[in-house]
């Protein structure tokens, strides 16, 4: 186990009707806020009205900025920063999924910074004075509601970059699983894929003696798989929605990465796909991960075998560890297919024409990942494995 | 899953040599502190000198109060409160195990309170203005380094009572597994028992649909069991010591209890044993728990069977679930015996003369536990099962 520091101070308010507490929680921090959200879905199902009422009941002054898109854009972040500066706003409430939250985090970093907020996403510079952020979560997926990360896309050059800083962890996160009953199936699926990927990026590590966190991640995988089947059959199953929502937060708040080197190569490769083709992040991940696994598994057959046996209950072939390892990859791929996630580029209508460009772009700042360092040629090979 | 709120903001600094950071971490909160610790062991192995040097390097003024005993006493708490008041101290640094930390928490609650700090342990009153507490942990056991609980013993009447309040979670906890190499075997064992018990109190619940947290607890149990055998064979195995230390914190910071009713009946019964006979809490728990399990298992055979199969890899007898359930209890008891923990009163030389008094005292404020409510007669029956 490696030395580590870990602090995840986000206050979690979890359960039925908890969105009604948003005014009270927000009031602890500010009387004037920027309410930041995406499209029409929060208005369609009444969440917007409930949030506004709860905030107004506490006499909180509300400025609004909607229109956050999946793969949130830098342009809207600039707009949010301007609204906050012009109106002396010192708290941002994100209502939505990872995109709204990541966009809110970027705004929170930019308001008190004289330079361009994009600096934080492209250099080693750290945001000093970050506004506090609150969250009402509607999509279990990104884990941004309690994480220290934010991913933003700049349309010019189609750059998708991330910023990691404990200062951007939300101060509170409200999670009502009932709000996820009405998610389109595709969003439910992409969320499951994203959550799974946050475990995989941590699970495949070169750090030895991480038995406890291995087992935590394995438990999360197993529960996620079981509950995925339930919600796809019955979208308004509260218990299963609750499990997935809670797994989504815990999988990415950092606990499962304590004391170990993490990988994040597959995320970096996926970011190229979603930056260029604007596909859902989760859809890109279920395409990239099986290919990545097939490309790197020989680096640590034991770890892949452990994954196969403990997560998918595969037979442990004591005289053929490679077969055991491959069985785990096959079962993960089958799980993705069975629940309806894409596993090949053709499943999301992406042509194979820009693979080289993506491989070059993704490795422009050096090799990707840590479990196995991926050079440009490796990324290209992995991308080629996603064709068919 | 039940609605819940959860916040565990303690900053964890984990790994080799991390005790050298105590001055820097403390300095963020105060220039004048009460250093609170137990007996001679921290001086014997050089930790005391390192802590003092690290604090002095940051020009922190240090007042000292040593002498915390296992099952920490209220009298010393009063003394600590007086020192803090007399010297305007606004930060307490506990160096030691759960006893030093629990005692520090009590002092932290009492300094700004006009009444008797014992009120918090015996009434519904909540401490308002609690001093921040920092920790350098030397014994993985109580989990107090990041928990919201404190247990104090009043010698008059031999009362052992707890206080639970998020305000008493330490602001930082420094965990260096190397510091645990020199623990006497008995303390290592009692720590393992205490950590295990914190999982058991949460695992046996009536709340349905808690699959994710079930699996997290099961993973912690399995890793704890595996690493227990390693440290007993090789006390200075860093990897195994690190796993146990990290499990000890996570097992009791509240994550594993999210969304579920917890039990805590066995802890309450054990408190009677250690209040009267001053045995180690962990030794009492490995005596009480098997008896409790045998007394209540019929209340939920499935849950006990799940424990047997998932934690101990017991065979699942599909046509005889009771046999499966009992197998888990037997294996836990065997695990305790095998590593050298007591499982009967006679193992710690406690006579069976005061069982009735303990049963009466423990239920003076009403029945114990939640999984099964234990009346006085139930507690007495359980205590009788610990005789031989």
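Relative to the dominant Cα principal axis of chain A, helix A:47-57 is inclined by about 40°. Counting, for every residue in B:41-53, the Cβ atoms of other protein chains within 10 Å of its Cβ and taking the mean gives 0. Taking all Cα-Cα distances within the range A:148-244, those exceeding 21 Å account for 52%. Sorting A:170-176, B:133-139 by their mean Cβ neighbour count within 10 Å, with the most densely packed peptide first, gives B:133-139, A:170-176. If R0 is 45 Å, the Cβ-Cβ spacing of residue B:278 and residue A:24 corresponds to a FRET efficiency of close to 0.50. Each principal axis of the range A:1-85 carries a Cα extent, and these read 47, 33, 27 Å when sorted largest first. Above 51 Å lies some portion of the pair distances; for the protein assembly as shown, what is it as a whole percent of all C-alpha pairs? Cα-Cα pairs of the protein assembly as shown separated by over 51 Å account for 14 percent. For the range B:11-179, the Kirkwood estimate of the hydrodynamic radius, built from every pair of different alpha carbons, is 15.5 Å. Projecting 7 Å from Cα along the Cα-to-Cβ direction, the label point of residue B:226 sits 2.0 nm from its equivalents in the other copies, listed shortest first. Nearest beta carbon of chain A to the A-to-B rotation axis, with distance in whole angstrom: A:9, 2. Other protein chain C-beta atoms within 10 Å of residue C-beta, averaged over B:205-217: 5.
Taking a quarter of the surface of the Cα convex hull of the range A:213-289 gives a mean projected area of 5.9 nm².
What angle, in degrees between 0 and 90 and rounded to the nearest 10, separates the Cα long axis of helix B:321-339 from the longest principal axis of the Cα atoms of chain B? Helix B:321-339 and the main axis of chain B meet at about 40 degrees. A straight line joining the Cα centroids of the range A:325-349 and the range B:312-345 runs 39 Å. Based on every Cα atom in the range A:323-388, Rg and the maximum pairwise Cα distance Dmax equal 13.8, 36 Å. From its DSSP helices (H runs of at least four residues, each -39,500 (n - 2.57)), chain B gives a residue-normalised ellipticity at 222 nm of -15000 deg cm²/dmol. Per-residue Cβ neighbour counts within 10 Å put A:362, A:274 in the sequence A:274, A:362, beginning with the fewest.
Between copies, the label points of residue A:181, set 7 Å from Cα on the Cα→Cβ line, lie 5.8 nm apart, reported in increasing order to one decimal in nanometres. Label-point distances for residue A:39 to the equivalent site in the other copies, using a point 7 angstrom along Cα→C-beta, read 6.7 nm when ranked shortest first. For the segment B:218-227, counting C-beta atoms of other chains within 10 Å of every residue's C-beta and taking the mean gives 4.
Rg/Rh, computed from the Cα trace of the range A:183-385 with Rh as the Kirkwood radius, has the value 0.95. On the principal axes of its alpha-carbon atoms, chain B has extents of 68, 44, 43 Å, going from largest to smallest. Helix B:376-385 axis versus longest C-alpha principal axis of chain B: approximately 80°, rounded to the nearest ten.
Cut-off 19 Å, label point 7 angstrom out along Cα-to-Cβ of residue B:79: give me the residues of the range B:128-154 whose amide nitrogen falls inside. B:151-154, by backbone N distance to the label point.
No lab work stands behind these numbers, since they all come straight from the coordinates. Here the structure is a predicted model, which means the values were calculated and not measured. Note that we place each Cβ from the backbone using ideal geometry, even for glycine, and neighbour counts take in every protein chain shown.
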